[in-house]
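The values are calculated or read from the model by the stated rules, or taken from the named source; none is laboratory data. Predicted, not measured: the structure shown is a model, and the values here were computed from it. No Cβ is skipped: glycine too gets one built from the backbone with ideal geometry, and neighbour counts run over all protein chains shown. Surface areas here come from the heavy atoms of the whole protein model, side chains and all, with no ligands, DNA or RNA. Shrake-Rupley method; radii C 1.70, N 1.55, O 1.52, S 1.80 Å.
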Amino acid sequence: MSEVLLSYRGRAIRAADVAFLRELIAQNPALSRRRLSVKVCEAWQWVQPNGQPSDMVCRSLMLLLHRSGHIELPAKRRSPPNNAIAHRRAVQLELCERTPITGTVASLGPLRIELVRRREGEALFAQLLQEHHYLGYRRPVGEHLKYLVQAGERPLACLAWSSAPLKLDLRDRFVGAPKEAYRHHLNQIAYNSRYLILPWVRVPHLASHILGRIARRISADWQELYHHPLQLLESFVDTERFQGTCYRAANWRCLGRSQGKGTKSKWYQSCSVKELWVYPLDKRFRERLLAP
């Protein structure tokens, strides 16, 4: 077996893989980078859970190998605009009504919990997060869902769920195995990346009520879109701002606190201490995550 050069998105890339890519590029000089990535996905059977080729991930890998000198990609044929930057700027809509909403959960009447990913309401979802969430809004990448919660025509809350972080020692201890043992099922863990109750909504127990409602449906929603279920939900709570009260009330479990070190910086700069909260969706979640 040839030497492993690097591991990319859980896939070991060996010297033999690089040799295959060089030969593929040499045999198809007229193909674009995109078409080459599709051919690689076909050859390696590199597909998403919904059966679509993982060509964007493959293209990123090939670009990494190109920049490190392992392969020579054809010249870029076009440079499309960076839509990710444009989407971070939420569309400006008419201001929502901001008169206080008070009372009880029951007094709100039936709540509408709507999926708004690529649907009506997505622009409003983005604007509300951008204006009122302390982290702002960023367009999610990878598998994700967006929920907009409304009472009648008035929005109450926004929840964004995305792919789980790759490395969490607290989660490893909770699952009872190192991350390598369940990395192939990491897509069955969803991360609550944003949770916003709008500032003019002051209804006791609403936040935990919504979390409970979401927990009962999110696996089915994920299954419908991505063709696989969820086993575990998780979220970080910034201890300098919040106490995790709604997660506790919704029967989530706190696994402990981070060390206050960021992981995206080479020098691991200090950041706020966060608590990791989790909610298993199935009693056999450990068995399912660790299944071959």
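So, in the chain, how many Lys pairs have Cα atoms under 21 Å apart, if the pair is 8 or more places apart or on different chains?
Lysine pair count for the chain: 13.
Share of the chain's accessible area from carbon and sulfur, percent, 1.4 Å?
50 percent
What distance in nm lies between label points placed 7 Å from Cα along the C-beta direction at R248 and S68?
4.5 nm
Select from L111, L276, L64 the residue whose mean-square fluctuation is largest in a Gaussian network model of the chain (Cα-Cα springs shorter than 10 Å).
L64
Accessible area per residue, 1.4 Å probe, Å², for region 143-186: what's the number?
39 Å²
When 1/r is averaged over all different Cα pairs and the result inverted, which Kirkwood radius in Å belongs to region 126-285?
Evaluated on region 126-285, it is 16.6 Å.
Which distance in nm do the two modelled labels at R119 and R138 give, with both placed 7 Å along the Cα-to-Cβ direction?
2.6 nm
Assuming a ≥ b ≥ c are the square roots of the Cα gyration tensor eigenvalues, decide whether region 3-66 counts as rounded (a/c under 1.5), prolate (otherwise, with a/b larger than b/c) or oblate.
oblate
Using DSSP loop states and a limit of at most 13 other Cβ atoms within 10 Å to flag chymotrypsin sites (Phe, Trp or Tyr not before Pro), what is the longest stretch of the chain containing no flagged site?
By the stated rule (loop sites, at most 13 other Cβ atoms within 10 Å), 1-133.
Mind sorting out which of [x] 121; [y] 137; [z] 161 is the real volume of the Cα convex hull per residue in Å³ computed from the coordinates?
Here the calculated entry is [z].
Can you tell me the Rg and Dmax of region 144-230, counting just the alpha carbons, in angstroms?
Final numbers for Rg and Dmax: 15.2, 46 Å.
Answer with one residue from I197, P53, L63: the one whose Cα lies farthest towards the positive end of the charge dipole of the chain, charges on Cβ with Lys, Arg +1 and Asp, Glu -1.
With unit charges placed on the Cβ atoms, the residue in question is L63.
Between the helical axis of 33-44 and the dominant principal axis of the chain, each derived from Cα atoms, what acute angle in degrees is found, rounded to the nearest 10?
Around 90 degrees separate the two axes.
In whole Å, what is the distance between the alpha-carbon centres of region 1-51 and region 162-214?
Between the Cα centres of region 1-51 and region 162-214 lies a distance of 32 Å.
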